[in-house]
Amino acid sequence: MSVFSPAVRRHVEANAPALLSGAIDYPTMLGRGLPQIDFYDSRRHLATLPGAALAANVASRAGALATRGLVHGDRIVLVASNTEDYLATLLAALAIGAVPCAVAPPPTPSREESAGVQHLRAAIHVIAPKMVLAPARSAVPHCAMVCYEELQDAPELPIPQGPAPKPAEAHHIQLTSGSTSAPKAVLLSHRNVAHNIATVSHGMATARGGDRLFSWLPMYHDMGFIQVLGALIYGARIGLMTPLGFLRDPLSWVRNMTHHRSSVTAGPTFAYRATADSLERSSGARGAIELSDLRCAYIGAEPIAYSTLRSFTDSFTPWGLRSDVLVPSYGMAESVLATTVAIRAAPEGPGNFGRVKTLRTAGTGSPMVSCGPPIDGMRLRVVDSSGHEVDAGLVGEIQISGASVMAGYLSAEGGAIAPAGGWHDTGDRGLICGGELFVVGRSKEMLIVRGRNLPPYDVERSIEGVAGVGPGQAVVFAAPDEGRGRESIVAVVATASVDADHRRQLRVDVAARVRDDFGFSLDGVVLVPKAAIPRTTSGKIQRLKTRDRYVAGQLAALN
């Protein structure tokens, strides 16, 4: 039975022959030639790597890895970065048939007790790799550590020819972000990856060699890895910059896309918000930004705020951005990347524009944004606390099933624990209306205020609008409060202010904003230094970890 529907299969035959078997045929992909890759930093274009040079580098590294004993099916851990060294080594391992797992580089590798080093240790423990690959001078706690630099001067050898991959074979292991729990190792098959890439590409009418992709997302993140892999398979020219480059200057994203003439990009909600805010604060951007080539900018990875979509579109319309460029979506590592995508144009209606379709429900302030219908081959349902499917329009737990859903979480014995009955419980809450998904928030993070379920994201966005706060600097949660005999609603707000009077006023302003916008009073406003809010490797707030630190009295609160 084919991995693809007939329509998707015809699309694959014409545009992505490396996917035709339902598995990714890396020799075919490499043999057809790789696209050019351009590297950028936050200020300028750095270098161009021709596709032929990348292919030669991949072949050289594949031979070097094979001489070190790497064979088909071996698990490896790679410390990831957005560089040629990493990308070529990753492709070399995949071409051999190894099963890679990418891990974020520890920010302070010399500090054994640091969170980054501990995260790397935990990944190595879970994956039990045959080999760990990392940049030179990395403090990697593993006996079989190989530096990327050791592979770069190896003579070019034929890529070892193993058996052709089958759809059910493991392709790679993706660590979950850990926003609400300890990271888990998601085992994804060739079938999963081929299906997700081909189906999304078919839906967006991707033609071979017809696009130019730009990404600053880290390659250890599913959104960063899969979009680059898809571009390689479809022969799309690629522009890469580092996550740090984006964080230093969010406007560098759109400036570099202008230079690259990018047509496709992707990012989480906060990135679009930060970029629009940076444009508002900047001057002289007119000559540096021109986005008329951009046809598709996926947005996902966290609940999508309508105000962010409107702000980004309105801000960059004068620079050539079309109203239908933003593509809301919903997905996760457990479904490779995308589960639903807002492919269709939104119907005319209040608040709708481009592909952005909205829904207002009683008791909600801002409109909810549709993440679109399930992609071809995926199913979606919303269930109540007993597991029974609820009627359309009612909020419940989101579950997904289909060809992109993972083989399972990696078990301690090395196998995969598959989703029960083929349905993965996402841990998110939402509703289905008109066959499209509207995400409300995380089940375990919902605030209950006088019997009303309230997503913390909404309150956080409101606080971020207070002068002196900004995107990604507020965390709201419910914490046990024995004194009140109930849960308290607490806001933790990061600030760089050193003035005590300013901090005092900031607390007052935050409390007033929440009271005005939502009709309830916060039980506490805690100010902390900006580095005190725990985040995942992809930069998302770890809300439950923040709450746990607050309850344990471990937050470095400012007076």
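What ranking, highest mean first, results for peptides 309-315, 184-190 when packing means the other Cβ atoms within 10 Å averaged over each residue?
Values: 309-315: 19.6, 184-190: 23.3.
Highest-to-lowest ranking by the protection proxy: 184-190, 309-315.
Carbon-plus-sulfur fraction of the accessible area of the chain, 1.4 Å probe, in percent? Working shown, then result.
Numbers: 11870 of 22680 Å².
Here it works out to 52 percent.
Please turn the phi angles of the stretch 341-356 into ³J(HN,Hα) values with the Karplus equation 6.51 cos²θ - 1.76 cosθ + 1.60 (θ = phi - 60°), one per residue in order, whole Hz, x for glycine and proline.
3J(HN,Hα) across the stretch 341-356, in whole Hz: 9, 7, 6, 6, 5, 6, x, 5, x, x, x, 6, 7, x, 9, 8.
If you work out P(r) over Cα pairs in 20 Å bins from 0, in percent from the coordinates, which of [x] 18, 41, 26, 12, 3, 0; [y] 20, 47, 30, 3, 0; [z] 21, 57, 22, 1 do you get?
Given [x] 18, 41, 26, 12, 3, 0; [y] 20, 47, 30, 3, 0; [z] 21, 57, 22, 1, the calculated one carries the label [z].
On average, how much accessible surface per residue is there in the stretch 299-395, in Å², for a 1.4 Å probe, leaving out ligands, DNA and RNA? Please list the in-between numbers first.
Values: 4180 Å² over 97 residues.
Result: 43 Å² per residue.
Is the shape of the stretch 465-526 best called rounded, prolate or oblate, per the rule: a/c under 1.5 gives rounded, else a/b larger than b/c gives prolate, else oblate, with a ≥ b ≥ c the square roots of the Cα gyration tensor eigenvalues?
Working: a/c = 1.92, a/b = 1.66, b/c = 1.16.
Prolate, since a/c reaches 1.5 and a/b exceeds b/c.
Please list, ordered by chain and number, the residues whose modelled amide H lies under 5 Å from the amide H of GLY239; skip anything fewer than 5 residues away on the same chain.
The list, which skips near neighbours in sequence, is ASP38, LEU213, PHE214, SER215.
Go through the stretch 353-437 and name the trypsin sites (Lys or Arg not before Pro) that are in a DSSP coil and have 10 or fewer other Cβ atoms within 10 Å of their Cβ.
Numbers: sites: ARG355, LYS357, ARG360, ARG379, ARG381, ARG429; in loops: ARG355, LYS357, ARG360.
Listed in order of number, the matching sites amount to none.
Could you pull out the pairs from LYS184/LYS530; LYS444/LYS545; LYS444/LYS540; LYS357/LYS444 whose alpha carbons sit more than 18 Å apart here? Don't skip to the answer; put the middle values down first.
Details: LYS184/LYS530 27 Å; LYS444/LYS545 12 Å; LYS444/LYS540 16 Å; LYS357/LYS444 26 Å.
From LYS184/LYS530; LYS444/LYS545; LYS444/LYS540; LYS357/LYS444, over 18 Å: LYS184/LYS530; LYS357/LYS444.
Of the listed peptides 467-478, 116-127, what is their order by residue-averaged count of other C-beta atoms within 10 Å, with the highest listed first?
Numbers: 467-478: 20.7, 116-127: 18.1.
Taking the mean over residues of other Cβ atoms within 10 Å, the ranking is 467-478, 116-127.
Of all trypsin sites (Lys or Arg not before Pro) in the stretch 1-105, which ones are in loop regions per DSSP and have a Cβ with at most 11 other Cβ atoms within 10 Å? Before the final figure, lay out the partial values.
On the way: sites: ARG9, ARG10, ARG32, ARG43, ARG44, ARG61, ARG68, ARG75; in loops: ARG32, ARG43, ARG44, ARG68.
Taking the stretch 1-105 and a limit of 11 other Cβ atoms within 10 Å, the loop trypsin sites (Lys or Arg not before Pro) found are ARG44.
Would you mind finding the longest exposed-site-free stretch of the chain, with exposed GluC sites (Glu not before Pro) meaning DSSP loop and at most 12 other Cβ atoms within 10 Å? Mind dumping the intermediate values first?
On the way: sites that count: GLU112, GLU113, GLU348, GLU413, GLU482.
In short, 114-347.
Sort 437-443, 514-520, 23-29 for me by packing, meaning the mean count of neighbouring Cβ atoms within 10 Å per residue, highest on top.
Details: 437-443: 21.9, 514-520: 14.9, 23-29: 20.1.
Listed from highest to lowest mean packing, they are 437-443, 23-29, 514-520.
5 Å is the cut-off here: which amide hydrogens, built 1.01 Å from N in the peptide plane, fall below it relative to ASN82, excluding neighbours closer than 5 in sequence?
MET219
The values are calculated or read from the model by the stated rules, or taken from the named source; none is laboratory data. From a predicted model like this one, the values you see are computed outputs, not experimental measurements. Virtual Cβ from ideal backbone geometry, glycine too; neighbours counted across all protein chains shown. Please note that ligands, DNA and RNA were not included when accessible areas were found on the heavy atoms of the full protein model with its side chains. Shrake-Rupley method; radii C 1.70, N 1.55, O 1.52, S 1.80 Å.
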